[in-house]
1. Of these, Leu74, Leu121, which one is more than 16 Å from ligand 2 (Cβ to nearest atom), within 25 Å of Lys55 (Cβ to Cβ) and either assigned to a loop (DSSP other than H, G, I, E, B) or touching a helix residue (DSSP H, G or I) at 6+ places or on another chain (Cβ under 8 Å) (or both)?
2. Output the residues belonging to region 184-214 that are among the charged types (D, E, K, R) and either crowded, with 22+ Cβ neighbours inside 10 Å or within 16 Å of ligand 2 (Cβ to nearest atom) (or both).
3. List pairs: first residue in region 22-38 and within 19 Å of Ala112 (Cα to Cα), second residue among the acidic types (Asp, Glu) and part of a loop (DSSP other than H, G, I, E, B) anywhere in the structure, Cβ distance under 8 angstrom, at least six positions apart or on different chains.
4. Please go through (1) surrounded by fewer than 23 Cβ atoms within 10 Å (Cβ to Cβ); (2) among the polar types (S, T, N, Q); (3) within 16 Å of the chain's Cα centre (by Cα); (4) farther than 14 Å from Phe39 by Cβ for Asn75 and return the number of the only condition it doesn't satisfy.
5. Can you find a residue that is in a loop (DSSP other than H, G, I, E, B), within 16 Å of ligand 2 (Cβ to nearest atom), touching a residue at least 12 places away in the same chain (Cβ under 8 Å) and in contact with a strand residue (DSSP E or B) (Cβ under 7 Å, 6 or more places away or on another chain) anywhere in region 145-168?
6. So Ile53 ticks every box in (1) buried (at least 20 other Cβ atoms within 10 Å of the Cβ); (2) more than 16 Å from ligand 1 (Cβ to nearest atom) but one. Which box is left unticked?
7. Counting only residues that are closer than 16 Å to Tyr151 by Cα, give me the helices (runs of 4 or more DSSP H) lying completely in region 171-214 with at least 3 of them.
8. Of the residues Leu162, Leu121, Leu192, Leu178, which is modelled with pLDDT of 95 or more, closer than 18 Å to Ile3 by Cβ and more than 10 Å from ligand 1 (Cβ to nearest atom)?
Amino acid sequence: MIISPSILAADFANLQRDTVLLNSSKADYIHIDLMDGVFVPNISFGFPVTNAINKHATKPLDFHLMLENPDPYLNSCKDSGADYISVHYEACRHLHSTVAQIKVLDCKAGVAINPHTNVSLLEDIIKEINLVLIMSVNPGFGGQKFIERTYQKVSQTKELILKHNSNALIEVDGGVNLSNAPKLKTAGADMLVAGSFVFNSNDPVETIENLKAV
Ligand code: DX5
Ligand code: ZN
């Protein structure tokens, strides 16, 4: 399993310490949640903070943009060390064009869908993208309860990917823990985001290792 711990659950007064902690773990990526207070009812942090994280991170960065119309910010993500850039289906008027812009920057393009968004809406974009990010909570906050319907959405996404012979990976984000991770894997998830489950545990490095081994 590919593991992308979310820095949103880190101690923001000790970001260097927590970034170095993730460097020393078996994490594959560091998940970076950008929130604009418009698309979601919360504001997380901006590029001065992600640049500071990037200065210390030895893991590639997995950007999740919870921004209404993210196009003006794609370059800054690239400059901040983004490997993956995921934008929300619900936040992009010209999604096909946004995905193309991400690829021009030589980043991997992801499309995120909210819990209410039907997987079938990805049919015309699935061949173009590297990642489908399935939200298993409503975006905006860490520490929420996992929505059980997610398993079905992961299976439907897997079917869509196979049907179109797409290379996209499936990432699940929100309320992920060691109880739902094995079931998500069975349903077809390739990559798991975990914030509070990792950072609120006694030993985050060990928790990441356990998630990786599901
Ligand atoms: C929620 C964010 C998530 C969040 C996950 O809007 O997209 O990445 O950090 O946090 P947990 O794992 O605590 O649900
Ligand atoms: Zn996220």
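The values are calculated or read from the model by the stated rules, or taken from the named source; none is laboratory data. Given the structure is predicted, the values throughout are model-derived calculations rather than measurements. FYI the Cβ positions are ideal-geometry reconstructions off the backbone, even for glycines, and counts take in every protein chain you see.
1. Answer to the selection: Leu74.
2. Asp190
3. The qualifying pairs are Asp36/Glu68; Val38/Glu68.
4. Condition not satisfied by Asn75: (3).
5. no
6. It is condition (2) that Ile53 fails.
7. Result: 181-187.
8. Leu178
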